[in-house]
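Just dropping this structure here.
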Ligand SMILES: [Zn+2]
């Protein structure tokens with residue numbers, strides 16, 4: 001095939017990046033940058049979305065790591081917050097907050113996200129511990145058996161864990177939907 005001038009390729013590069021180039025134009029650019037370093041570089045100096053796959057992944061990995069630790073921190077704060085609103089806010093807020101926490105946990109931990117509801121369960125139990133143990137130290141006579149206090153806390157914590165679990169499930173479903181869409185999008189845009 002006759003070598004296409006770099007000027008022509010340069011004109012086409014933005015169109016390929018925006019995903020609006022026709023198939024023949026895209027094929028021309030992809031073919032050209034395989035052998036032309038300067039044009040490949042031009043594609044490489046563009047924003048992150050259009051960088052060649054290798055570079056893109058390195059930057060994404062770094063961004064993901066930062067996002068991950070930021071997320072872990074937020075998740076911990078969220079779990080503590082969720083635990084602290086027990087018996088102070090109405091159940092309505094928890095019905096919304098815990099699934100959000102769960103969905104967030106899913107995107108953070110992926111296959112380990114089953115640990116999020118378990119974590120919520122234990123944090124909730126722990127948070128309620130002073131309240132659970134209060135009757136034992138108050139000196140007041142209670143007719144209820146000792147285990148009934150733990151049972152009440154346990155049921156509450158279990159309920160919270162279930163709500164969080166629903167959120168994890170929602171996150172998983174969203175992830176599948178989003179990933180499919182993104183894969184199709186990437187395929188259209190980049191050279192293979
Ligand atoms: Zn060129």
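The values are calculated or read from the model by the stated rules, or taken from the named source; none is laboratory data. Treat the numbers as computed from the prediction; the structure is a model and nothing was measured. Cβ sites come from the backbone with ideal geometry, for glycine too, and all protein chains shown count toward neighbours.
Is it fair to say residue 127 is modelled with pLDDT of 85 or more and out of contact with any strand residue (DSSP E or B) (no Cβ under 6 Å at 6 or more places or on another chain)? If you could, list the steps in order and put the result at the bottom.
Values: modelled with pLDDT of 85 or more: no; out of contact with any strand residue (DSSP E or B) (no Cβ under 6 Å at 6 or more places or on another chain): yes.
Here the answer is no, as residue 127 does not meet what is asked.
Next question. Residue 85 versus (1) modelled with pLDDT of 70 or more; (2) assigned by TED's automatic domain parsing to the domain that holds residue 164: which is the lone unmet condition?
Failing condition for residue 85: (1).
I'd like the full set of residues that are exposed (fewer than 14 other Cβ atoms within 10 Å of the Cβ), part of a helix (DSSP H, G or I) and more than 11 Å from the ligand (Cβ to nearest atom), limited to segment 1-42.
Those that are exposed (fewer than 14 other Cβ atoms within 10 Å of the Cβ), part of a helix (DSSP H, G or I) and more than 11 Å from the ligand (Cβ to nearest atom): 11, 18, 23, 24, 27.
A follow-up question, please. If residue 183 satisfies all but one of (1) farther than 30 Å from residue 34 by Cβ; (2) assigned to a helix (DSSP H, G or I); (3) modelled with pLDDT under 70, what's the number of the condition it fails?
(1)
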